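Just so you know, all these numbers are worked out from the coordinates, no wet-lab data involved. Remember, it's a predicted structure, so these values are computed and weren't measured experimentally. Counting neighbours? That spans all protein chains shown, and the Cβs are built from the backbone with ideal geometry, glycine included.
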Amino acid sequence: MTRLLREIDNDDFDGFVHRMYHDNCAEREGMNMPLYTFDEYTTKYETYLIEKWDDRHRYKPRSL
């Protein structure tokens, strides 16, 4: 989580990470899989979270 906060330090990103964590918990719970702690989740999926955040906020031209 420390690297995440150094690279992107804002409330929107923090909220995004928490929403993704809760979605992951719901998904894992639905499949009867053990849940990660928040720290385990952010450590394991750090790169994925940053890439997903970047994808959401990158300019995407509209098709003509």
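The table below lists the values:
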item	result
Among residues of the range 8-45, those that are among the aliphatic types (A, V, I, L, M), closer than 17 Å to ARG56 by Cβ and without any contact (Cβ under 8 Å) to a residue 40 or more places away in the chain, counted	2
Residues located in the range 15-38, provided they are surrounded by 14 or more Cβ atoms within 10 Å (Cβ to Cβ) and charged (D, E, K, R)	ARG28
